[in-house]
Each structure stands twice: as structure tokens, then as C-alpha cells.
Amino acid sequence: KAGVTQTPRYLIKTRGQQVTLSCSPISGHRSVSWYQQTPGQGLQFLFEYFSETQRNKGNFPGRFSGRQFSNSRSEMNVSTLELGDSALYLCASSQGDYNEQFFGPGTRLTVL
Amino acid sequence: AQSVTQLGSHVSVSEGALVLLRCNYSSSVPPYLFWYVQYPNQGLQLLLKYTSAATLVKGINGFEAEFKKSETSFHLTKPSAHMSDAAEYFCAVSDPAQGAQKLVFGQGTRLTINP
């Protein structure tokens, strides 16, 4: 069974631009969560989607948004990029509550 | 709100020695606890999880952790370190009341293995 895939793996943007990151979960998984990893703040929860509905959201500004499609694939969007948005963005999928979350390799975003 | 504290951002042990990575949690309800490992340029891999079934949890690659409610701890151990264990380790907690899929992570411990 294929693992969680994230595209692109690396991305360079400039301040003020917007970016869309994609996550394809493991087949059959309906829950997709997103995390931001930075050296200073560590791993922080962004949001979780289940069956196309956002169930939970972390403490991030409204510039961070996401969505999930009927095939469980998910995208997250960051608008008006800031230097501090430079991070590794990790996606995780699971079958549902209390099931193991499987993480993708991440998308490394650099904002110049 | 739940939180996790990992004592020691860097731990260095010799190959064959005991590995002990410390994790303390703060939660108002019985939590779910996890240990993840991250190798360079990779995502996170689950080592083990505690979900109240047993206080001593065995995971992959010879790791285990013991849940101690009185100490609010969930330390990770491995009897004999191997060079391939060098990585960053994260302790995480989830509070079912705040969303079972929302993981709150500690700051991580980088484990170095000396030959």
C-alpha cells in the first residue's frame, strides 16, 4: 500500500505570494491532518479534515486554510506569505479517531 | 490544555548503551500518548502509543515506554542503542475531548549514538 505523498517536496516563494500544498493520504484513510514544523516553534497542529469537513483547527491566522476533496486528498493554502512561514509542512492520514496517523515526507517551504 | 515537556534537547549515548528519553505531560484527562521518530529529510514514524490498555508499551525497533500517572511521565527506553537509532524523537499527547487526531508535540530530543 502506498504511503502518504506530498507535493511538491520543495518550494521557494517570495513574501506576499500565496502557495498551495497537496497531500494524498493512504488509500482508505478519511482523516487528514496538517502540521507545521519549524526550529523555533517545533511541531504545531494546523487543522484536521475528515470526510471533507474541518473538524479541528490550531492557533494559526486565517491566512492558513485547507480543504479536503471527496477522494480524501487534501490541500492547504497559505496566502500573503511571510518570512516566518518558512517551515516543513507535514501531512498525516489515518482511518479515523484513535487510529495511527501516518505522516508524509513533508513539503519544505522557503519564503524569501 | 495539554502540553508535553521533553527533558534534554540532545542526548548522546554509546553504541550498546541504554537509551532513555524523558517525556512529561500535562493533561486534565487521561491522555493518549505517543512517541514518534524522525530521520533526516523524512516525516514522522510512530514508535509506540499508550491508550490506557497497559502501562508498559512495547514498540518497534526494540523501544518501549512506561506510562506513570503519578509522575505524569512517559519515558522512552531501549536497552541497547544501535547506530541506526540516531534521529530526532518526539513525544506527543492527544486529548480526546479536544479532538483525537490533534497531536500536541514536545520540542523533540536529538539522539546521537557514539561508536
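Here are some notes:
Conditions tested, residue by residue: (1) open to solvent by 10 Å² or more (accessible area, probe 1.4 Å); (2) touching a strand residue (DSSP E or B) at 6+ places or on another chain (Cβ under 7 Å); (3) at pLDDT 95 or above.
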{"position": "A:Lys1", "(1), (2), (3)": "yes, no, no"}
{"position": "A:Thr7", "(1), (2), (3)": "yes, yes, yes"}
{"position": "A:Ile12", "(1), (2), (3)": "yes, yes, yes"}
{"position": "A:Gln17", "(1), (2), (3)": "yes, no, yes"}
{"position": "A:Cys23", "(1), (2), (3)": "no, yes, yes"}
{"position": "A:Ile26", "(1), (2), (3)": "yes, yes, yes"}
{"position": "A:Gln41", "(1), (2), (3)": "yes, no, no"}
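- Residue within segment A:79-98 that is open to solvent by 50 Å² or more (accessible area, probe 1.4 Å), more than 15 Å from A:Gly3 (Cα to Cα) and either touching a Phe, Trp or Tyr at 6+ places or on another chain (Cβ under 8 Å) or facing chain B (nearest Cβ under 8 Å) (or both) present: yes
- For segment A:101-112, the tally of residues that are within 11 Å of chain B (Cβ to nearest Cβ) and open to solvent by 60 Å² or more (accessible area, probe 1.4 Å) stands at 2.
Rundown of residues vs (1) without any contact (Cβ under 8 Å) to a residue 60 or more places away in the chain; (2) away from every other protein chain (no Cβ under 14 Å); (3) over 23 Å from A:Tyr35 (Cα atoms), yes/no style:
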| position | (1), (2), (3) |
| --- | --- |
| B:Cys23 | no, no, no |
| B:Pro31 | no, no, no |
| B:Gly43 | yes, no, no |
| B:Leu48 | yes, no, no |
| B:Ser52 | yes, no, yes |
| B:Gly62 | yes, yes, yes |
| B:Glu71 | yes, yes, yes |
| B:Tyr89 | no, no, no |
| B:Pro96 | no, no, no |
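- Checklist (1) modelled with pLDDT of 95 or more; (2) surrounded by fewer than 17 Cβ atoms within 10 Å (Cβ to Cβ); (3) among the charged types (D, E, K, R) applied to A:Glu75, failing item: (2)
- Answer residue from segment B:14-42, given it is buried (at least 19 other Cβ atoms within 10 Å of the Cβ) and at pLDDT 95 or above and is nearest to B:Ala54 (Cα to Cα) among those: B:Trp35
The values are calculated or read from the model by the stated rules, or taken from the named source; none is laboratory data. All values reported here derive from a predicted model rather than from experimental measurement. In this analysis, Cβ positions are derived from the backbone assuming ideal geometry, glycine residues included, and neighbour counts consider all displayed protein chains. Heavy atoms of the whole protein, side chains included, go into the accessibility calculation; ligands, DNA and RNA do not. Shrake-Rupley method; radii C 1.70, N 1.55, O 1.52, S 1.80 Å.
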